[in-house]
Amino acid sequence: MSELILQALYSGVLQGGSYALIALGLALVFGTMKVINLAHGELVLLAAYMAYTVESRLGLSPMFAIPVALVLVCITAVLVYFLVSLIRKDRELNSLILTYGIGIILTNAVLLIWSADVRSTSSSWMQDALVFGPFYSMRSEVLFFVVSVALMGGLWWWLSKSWYGRAVRAVSSNRDAAKLMGINPRSTEIVSFIVAGILASFAGVAIFSYGVIQPAFGHVLTVKAFIITVLAGIGSIPGVMVGALLLGIAEALTVTLASSALQELVGMSLFLLVLFVMPNGLFGAAGRRG
Amino acid sequence: MLEIANVRAGYGAINILWDVSISVPTGQLTTIIGPNGAGKTTLLRAIMGLVPLSQGSIRLNGEPLDGSSTWSMLERGVAMIPEGRMIFKDMTIEENLMLGAFPKAQRASAQANCEKAYAMFPRLSERRTQLAGTLSGGEAQMLAMARGLMSDPKLLIIDEPSLGLAPVVVNELFEILARLKAEGRTIVLVEQNTHKAVGVADHVHLMQSGKVVLSKPAAEVSLEALHELYFAH
């Protein structure tokens, strides 16, 4: 029994890496623009289908899809930004409807192009077992967990050391004060969408490499990312990483100990529990957003 | 240096400033005093482009500022230290300071200016890696001042620096203002502490209900007359 639980914890942590990449993108965009991009999961899905196309059409490893996915997903992300920035009134609320609509359009575009079939990688290199002591996983899971950790390290460096990263944090923290520092908030908004797109590209290729994808999956990913951001407490980047691991572990434990049918339910239950018990999230300072 | 002429401005349908004209001479300290709700902060926000003008003009060294963005002001040599400090609470003190030098032209000298700021405000130096949210009110104001100086501005606009601070800290603050003035910077100071503000100023403007009701050199201002005007309405 304890072996099963240990194994579930391990799988959960590996899964949490991709969840963190997706949720960080959502959180960054929310920080600078106060917009919850409900089409964010579809951006990830787009990258996942690029990986499928590169593998099935060109016979290459899904890894080779990353450059194509980066270009396509970032262009789509910037497009979403421009559509959202056209909203003049009540942007926080109206953007929910707009991005939800963009999500539906993207899902249906995926459905048209790639059909409703469930896809997964056929690369045996990716699926080969990798065993560390009592822990078992696919090679792709470990590979992309390492990639996720590296990307998060890069993101941390960028946010704390680079001029533009610090500007993104400044705009998230206090928009008027950031303007007084000579920061144009619109350019940090575009930058945050592009960074979200970069993270989504890697997450999408990762998810295709160790899991299964289908056109409606984008929506599921958006919901997961949203749950993680609320778990973390909106505005907390380290919180997002811990929240992603928590969700990954909770899901893996549920699948191991109960049933995989309950996997999506556990995230939602966690979400409601946190909202009731700690409305500011696990890491959100009380009244951080006034 | 700064010419404000017949400015009207406000928030949406509510007009706050009614034909305000103030001239700010180079190298001197101009103070704008007045009760709460007189429009002092709105005037400063209008200068910085945070509030649009509906009439009149603001010129910096003869060039009109109308419609130029807030984020271009630092490049033009104008820095504002806003009311309520507006420091970035979840960033460290050093990160806050570096953001004060964000415009590209300032970045090369950012590190040197940072050391200058620490020399002027030694207490910030001790805490450079702490989050700004952990500072006391006085320290937060010092951080806001230091951050405003990071771009080495020609014109420094300071809004209510003494608000909510202990008298000892207020004294310290006005000593620093006197030093900045001695360095030859042009300063616009909005204050509620009339006595202190007039003491350090070269020119005094009293605002009431969105209008300038008195403009005089500081030397000719008697505090009693000022207080009478202050409480007249």
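The values are calculated or read from the model by the stated rules, or taken from the named source; none is laboratory data. Predicted model, so just to flag it, every value in this text is computed and none were measured. All Cβ positions, glycine included, derive from the backbone under ideal geometry; neighbour counts span all protein chains shown. Heavy atoms of the whole protein, side chains included, go into the accessibility calculation; ligands, DNA and RNA do not. Shrake-Rupley method; radii C 1.70, N 1.55, O 1.52, S 1.80 Å.
Couple of notes before you dig in:
- Screening B:V213, B:V190 for residues that are modelled with pLDDT of 85 or more, open to solvent by less than 50 Å² (accessible area, probe 1.4 Å) and part of a strand (DSSP E or B) leaves exactly one candidate, B:V190.
- A:E141 modelled with pLDDT under 95, under 20 Å from A:A20 (Cα atoms) and acidic (D, E): yes
- Residue count for the stretch A:1-40, restricted to those that are without any contact (Cβ under 8 Å) to a residue 24 or more places away in the chain and either open to solvent by less than 10 Å² (accessible area, probe 1.4 Å) or among the aliphatic types (A, V, I, L, M) (or both): 1.
Quick grid of which residues meet (1) within 14 Å of chain B (Cβ to nearest Cβ); (2) open to solvent by less than 50 Å² (accessible area, probe 1.4 Å):
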| position | (1), (2) |
| --- | --- |
| A:M181 | yes, yes |
| A:F217 | no, yes |
| A:G233 | yes, yes |
| A:L265 | no, no |
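- Filter result for A:V266 (in contact (Cβ under 8 Å) with a residue 24 or more places away in the chain and β-branched (V, I, T)): no
- Summed over the stretch B:154-187, the residues that are surrounded by 17 or more Cβ atoms within 10 Å (Cβ to Cβ) and in a loop (DSSP other than H, G, I, E, B) give a count of 6.
- Flag for B:L17 being part of a helix (DSSP H, G or I) and either in contact with a helix residue (DSSP H, G or I) (Cβ under 6 Å, 6 or more places away or on another chain) or buried (at least 18 other Cβ atoms within 10 Å of the Cβ) (or both): no
- Residue match in the stretch A:187-194 (condition: hydroxyl-bearing (S, T, Y), surrounded by fewer than 22 Cβ atoms within 10 Å (Cβ to Cβ), within 14 Å of another protein chain (Cβ to nearest Cβ) and closer than 25 Å to A:L86 by Cβ): yes
- B:N36, sole failed condition from (1) open to solvent by 70 Å² or more (accessible area, probe 1.4 Å); (2) in a helix (DSSP H, G or I): (2)
Table: residues versus (1) among the hydrophobic types (A, V, I, L, M, F, W, C); (2) modelled with pLDDT under 95; (3) farther than 30 Å from B:Q106 by Cβ.
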{"position": "A:P185", "(1), (2), (3)": "no, yes, no"}
{"position": "A:V212", "(1), (2), (3)": "yes, yes, yes"}
{"position": "A:G239", "(1), (2), (3)": "no, yes, yes"}
{"position": "A:V266", "(1), (2), (3)": "yes, yes, yes"}
{"position": "A:V277", "(1), (2), (3)": "yes, yes, yes"}
